[in-house]
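In what follows, a structure is listed as structure tokens, so that the remarks can point back to it.
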Amino acid sequence: MTARTAITGARIFDGDLWHDDSALLIDGGKVAGIVARKEVPGDARIVPMDGLSLVPGFIDLQVNGGGGVLLNERPDLEGIRTICAAHARFGTTALLPTLITDNRAVTAETIAAGLAARKANVPGFLGLHLEGPHLSVARKGAHDPQLIRPMEQADLDRTITARQGLEALLMTLAPENASNAQIAALKAAGVTVSLGHSDCGYRTAAAAVEAGASMMTHLFNAMSPLGHREPGMVGAALDLGHLNAGLIADGFHVDPASIGVALRAKRGPGRIFLVTDAMSTIGTDMTSFFLNGREIFREGGRLTLADGTLAGADIDMASCIRFMRDHAGIGLEEALRMASLYPAEAIGMTGRKGRLTHGHDADFVVIGRDVDVVSTWIAGTPIFAA
């Protein structure tokens, strides 16, 4: 019988509180508890992490690529494996590889790759995020307008079937190109519906939420803004309490002042959580890459099309946490929750992920003083070590 593992010497953040002079006990890939160091069982395998901090693993619900791979260009098992491994270097222990609007064949290949990744138990793979193609051309961002289209019955059926084989499936859509009846059907099948890339008004968004949408994709970006007579998508995200909202914290997509306003204004119980919206550049020295045949350029931390349109982000989750701490006036504990607990809540996985308490997956990150990742553990197994 495999002995329990005890991670000792580190200051431990369980998602709510810090624990000093304690040890994290791991048994069978799960957290068995946090105990005083003197109470570590005699048969436990000791792994010392003196002088470091141990925090819940980061969860990223919007990851387009990493390690030189873009999911749209490599919609297969090895593509997903590469993306997950690239982000593990930066503390992400669970992620949703994200397909940007593409044609039906690539979408089908991506779903098949996701099912294969679950069967292969790829470390870090949590499910899929289909961002499009049922979006608004008016708020297309970097999505190819030629590939944007209304949701048809075949699209609905394919998505519902895919959900049956995945732990989590997130779909970003715009009310302009998907009906409330379709949103309700997706919700009933267990798909997390997120509103995004939409120019709709507050009341239209509210009706979609009533039908079953529970999230907003990258708050402020590619959506109708907050106005004093028309609250728009941004107003809906902040005012509708049961909506969660992703946020790209890289300093380019959203100004820190706007981030602060949003955090103060957000009505609960929904939360604002961090996403990277990362592209293939993460973990590489690439200077450009292609999406749907269009070149995207990397310079100064920004990714843009030739016309200057932002095209995803060039940031990892550990850097997002540092940005929130250093530029948005958020304490480290809350920034950590925005990268772990709150995304877990958004996809209904709080019983498994986002905390280091008894029965949760033993997914955690060992960090130094400046949230520099020393090692990443998934299900009690080290996946990356600096």
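The values are calculated or read from the model by the stated rules, or taken from the named source; none is laboratory data. From a predicted model like this one, the values you see are computed outputs, not experimental measurements. Using ideal geometry, Cβ is built from the backbone for each residue, glycine included, and neighbour counts are taken over all protein chains shown. SASA here: full protein model, heavy atoms, side chains in, ligands and nucleic acids out. Shrake-Rupley method; radii C 1.70, N 1.55, O 1.52, S 1.80 Å.
Structure above, values below:
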{"quantity": "25 °C / 0.890 mPa s Stokes-Einstein diffusion coefficient of the range 83-147, Kirkwood radius on C-alpha pairs, µm²/s", "calculated": "189 µm²/s"}
{"quantity": "For the range 238-386, diffusion coefficient by Stokes-Einstein and Kirkwood Rh (Cα), 4 °C, 1.567 mPa s, µm²/s", "calculated": "77 µm²/s"}
{"quantity": "Entries of Lys266/Lys353; Lys38/Lys119; Lys38/Lys353; Lys119/Lys353 with Cα pairs more than 30 Å apart", "calculated": "Lys38/Lys119"}
{"quantity": "For the chain, alpha-carbon Rg over 2.2 N^0.38 Å", "calculated": "0.95"}
{"quantity": "Size of electric dipole in the chain: Cβ of Lys, Arg +1 and of Asp, Glu -1, about Cα centre, debye, nearest 20", "calculated": "580 debye"}
{"quantity": "Furthest towards positive pole of dipole, Ile183, Val373, Ala386, structure part the chain, Cβ charges", "calculated": "Ile183"}
{"quantity": "Angle in degrees between helix 153-164 and the longest Cα principal axis of the chain, rounded to the nearest 10", "calculated": "10 degrees"}
{"quantity": "Förster radius 51 Å - calculated FRET efficiency between Gln146 and Val35 (Cβ-Cβ, nearest 0.05)", "calculated": "0.30"}
{"quantity": "Ala108-Arg369 pseudo-label distance in nm [points 7 Å out on the Cα-to-Cβ vector]", "calculated": "5.6 nm"}
{"quantity": "Semi-axis lengths (Å, descending) of the ellipsoid that matches the C-alpha gyration tensor of the range 142-277", "calculated": "25, 15, 15"}
{"quantity": "Full-extension gain in nm, Leu115 to Phe290, via 0.36 nm per residue minus C-alpha separation", "calculated": "60.5 nm"}
{"quantity": "Per residue, in Å², the accessible surface of the range 110-160 once ligands and nucleic acids are set aside, probe 1.4 Å", "calculated": "40 Å²"}
{"quantity": "Residue-span extension gain [Ala386 to Thr304] - 0.36 nm each, minus C-alpha spacing", "calculated": "26.5 nm"}
{"quantity": "The chain: calculated mean residue ellipticity at 222 nm from DSSP helix runs of at least 4, using -39500 (n - 2.57)", "calculated": "-7500 deg cm²/dmol"}
{"quantity": "Part-to-part distance (alpha-carbon centres) for the range 254-270 and the range 58-122, which is given in Å", "calculated": "29 Å"}
{"quantity": "Full-extension gain in nm, Asp50 to Ile160, via 0.36 nm per residue minus C-alpha separation", "calculated": "34.9 nm"}
{"quantity": "Gaussian network model of the chain, springs between alpha carbon atoms under 10 Å - residue of Gly246, Gly270, Gly227 with greatest fluctuation", "calculated": "Gly227"}
{"quantity": "Rounded if a/c under 1.5, otherwise prolate or oblate - the range 335-374, Cα gyration tensor axes", "calculated": "oblate"}
{"quantity": "Rounded percent of accessible protein surface that carbon and sulfur make up, the chain, 1.4 Å probe", "calculated": "51 percent"}
{"quantity": "In degrees, nearest ten, helix 202-211 long axis to first principal axis of the chain (Cα)", "calculated": "60 degrees"}
